[in-house]
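For reference, the structure discussed in these notes is given below.
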Amino acid sequence: MNQIKDLQKLIKLTGDRAKLDAKANETYIVYKTAEGQIVKEYSDGTIIPLTERDGSHA
């Protein structure tokens, strides 16, 4: 059993589930791209990059 491959599979399945939940609840998911940018992705495929100002809760 390859633990790295198992972990990668679980991460992918978690992301897929998050997308399904976002679609069902008419919301979005937030994740970090390979380039390090934090983005919001809506169920219609729209991707909006977030800035530091967007993430501030002060």
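The values are calculated or read from the model by the stated rules, or taken from the named source; none is laboratory data. These numbers were taken from a predicted model, which means no experiment stands behind them. A quick note on method: Cβ atoms are made from the backbone with ideal geometry, for glycine too, and the neighbour counts reach across all protein chains shown. Only protein heavy atoms, including side chains, enter the accessible area calculation; ligands, DNA and RNA are left aside. Shrake-Rupley method; radii C 1.70, N 1.55, O 1.52, S 1.80 Å.
Of note:
- What the Cα convex hull of region 1-42 gives, in volume per residue, is 58 Å³.
- Placing unit charges on the Cβ atoms only, positive for Lys and Arg and negative for Asp and Glu, gives region 1-46 a dipole magnitude near 180 debye about its Cα centre.
- In this structure the chain gives 91 Å² per residue of accessible area when probed at 1.4 Å with all protein chains present.
- Cβ-based charge dipole, the chain, positive-most Cα from Gln8, Ala24, Thr51: Gln8
- In degrees, nearest ten, helix 3-24 long axis to first principal axis of the chain (Cα): 40
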